[in-house]
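**Q** The structure is given below, and queries will be raised subsequently.
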Amino acid sequence: MPETQGTIFNIQRFSTDDGPGIRTTVFVKGCPLSCIWCANPESQSSLPQIVNRPSKCRGCGKCAAVCPEHVISLIPTDNKPEIRIDRSLCKNCCTCVKACSAGAMHLYGEHVTADEVYNTVKRDLGYYQRSGGGITISGGEPMMQIDFVTALYTLCKNGGIHTALDTCGYFPTEYISRTSGLVDLVLFDLKIIDPDLHKHYTGVDNQLIHRNLREFLKTDAEIFIRVPLIPEITDTEANLTAIANVVKSFEKPLHVDLLPYHNYGENKFKMLGKPYLLSDAKRQSKEKLASCLEIFTAAGLDCQLH
Ligand code: SF4
Ligand code: SF4
């Protein structure tokens, strides 16, 4: 039987941001949402993508000279030339990556087997056991690679490793039963309750997301709700109150994590040749974060700022 393959763009060991304890986070490629604040825009396409990292690039032009498809251009600027890549014609052959001695050309995305990833994940078994950590599969949307993630979760469960799924919630509902018994913890994003605003800022309707959350509640998995606080989009009083009301309406008490805004995705949007629409957004003040937290604690929910 052929081994189950997936497409990932990063494996982050010793992560403390994606669930309890020390974890290894596996980032898969491909997401059905296109949130304008995405911190990992390199995850949105399910295909590998080549990028130029300006901070490393010396502007020597070797990459353009070796590209067999002639899709790299050097645009003159006052400083070093800027590299432009016509990704619609790029064949991801990586000739430019090998030619760049500065390490400025990079391919986001590689095809790997579940066994290969597991071999990396299990190296930190001792850390997981001592800290209460494990593996988190994030992305992108892990459920878009259901065969790969169930194979990887199965290996981890058999190896005694705690498993977490970081999900946007938008995937075929029947996939939940396929992960049943394999996922210990679900980090479930709730972003915007108003359906029109949700579609406007993420590209998709939120009905399926709410249905999938209700389905997860029927499973034995522990569920943490994660709310990204995006200035004047998700962090409004109206939206946070609506999220608190949804969470409060469930019989099962759910922990809520609030994720303050950062602009770590901005440079990656630029590298991918995509516009970043939140350039003017500012991080929330301490007072603003405290007021966001208060909305959830006043509703009687177990909530913390991440
Ligand atoms: S080869 Fe590397 S350093 Fe030279 S222009 Fe291309 S990306 Fe920049
Ligand atoms: S990956 Fe290959 S086709 Fe794409 S830009 Fe680099 S050299 Fe050209």
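**Q** Assess whether Leu152 counts as being more than 13 Å from ligand 1 (Cβ to nearest atom) and surrounded by 14 or more Cβ atoms within 10 Å (Cβ to Cβ). So that I can check it myself, show each step before the final result.
**A** Numbers: more than 13 Å from ligand 1 (Cβ to nearest atom): yes; surrounded by 14 or more Cβ atoms within 10 Å (Cβ to Cβ): yes.
So Leu152 passes the test.
**Q** Moving to a separate point now. Which of the residues spanning segment 49-82 are more than 9 Å from ligand 1 (Cβ to nearest atom) and part of a loop (DSSP other than H, G, I, E, B)?
**A** Ser55, Cys67, Pro68, Glu69, His70, Val71, Pro76, Thr77, Asp78, Asn79
**Q** Further question: Out of Cys60, Cys67, I need the residue that is in contact (Cβ under 8 Å) with a residue 12 or more places away in the chain, within 16 Å of ligand 2 (Cβ to nearest atom) and crowded, with 19+ Cβ neighbours inside 10 Å. Which one?
**A** Just one listed residue meets the conditions, Cys67.
**Q** So which residues in segment 70-92 are in contact (Cβ under 8 Å) with a residue 60 or more places away in the chain and among the basic types (Lys, Arg)?
**A** Start the filter on segment 70-92 by keeping residues that are in contact (Cβ under 8 Å) with a residue 60 or more places away in the chain, which leaves 84-85, 87.
Across segment 70-92, the qualifying residues are Arg84, Arg87.
**Q** Next up: Does any residue in segment 93-111 that is among the aromatic types (Phe, Trp, Tyr) come within less than 7 Å, Cβ to Cβ, of a residue that is within 13 Å of ligand 1 (Cβ to nearest atom) six or more places away or on a different chain, and which pairs are these?
**A** Tyr108/Val51
**Q** If I filter segment 83-114 down to residues being part of a strand (DSSP E or B) and either of a type in the set (A, V, I, L, M) or within 9 Å of ligand 2 (Cβ to nearest atom) (or both), which single residue comes out as nearest to Leu152 (Cα to Cα)?
**A** Going through the qualifying residues, I end up with Val112.
**Q** Kindly indicate which of Tyr127, Tyr153 is touching a residue at least 40 places away in the same chain (Cβ under 8 Å) and either within 21 Å of Val227 (Cα to Cα) or not aliphatic (A, V, I, L, M) (or both).
**A** The conditions single out Tyr127.
**Q** Ile135 fails exactly one of the following numbered conditions: (1) within 16 Å of ligand 1 (Cβ to nearest atom); (2) closer than 25 Å to Asp17 by Cα. What is the number of that condition?
**A** (1)
**Q** Can you pull out the helices (runs of 4 or more DSSP H) entirely within segment 166-220 that have at least 1 residues that are out of contact with any strand residue (DSSP E or B) (no Cβ under 7 Å at 6 or more places or on another chain) and among the hydroxyl-bearing types (Ser, Thr, Tyr)?
**A** By residue number, 175-178, 195-202.
**Q** Being acidic (Asp, Glu) and within 14 Å of ligand 1 (Cβ to nearest atom) is the filter here, so list the residues in segment 83-110 that pass it. Before the answer, list the steps.
**A** Going through segment 83-110, the residues acidic (Asp, Glu) turn out to be 86, 110.
Result: no residue meets the conditions.
**Q** Being of a type in the set (S, T, N, Q), over 30 Å from Ser88 (Cβ atoms) and surrounded by 15 or more Cβ atoms within 10 Å (Cβ to Cβ) narrows it down to one of Asn245, Asn239, so name that one.
**A** On the way: Asn245 fails: surrounded by 15 or more Cβ atoms within 10 Å (Cβ to Cβ).
Criteria check complete, one pass: Asn239.
**Q** Looking only at segment 248-298, which residues are of a type in the set (Gly, Ala, Ser) and loosely packed, with under 15 Cβ neighbours inside 10 Å?
**A** Passing the criteria: Ser249, Gly273, Ser279, Ser285, Ala290, Ser291, Ala298.
Every number here is computed from the coordinates shown, using simple stated rules; none is lab data. In this text, all values refer to a predicted model and were calculated from it rather than measured experimentally. Neighbour counts are summed over all protein chains in view; Cβ atoms, including those assigned to glycine, are modelled from backbone coordinates with ideal geometry.
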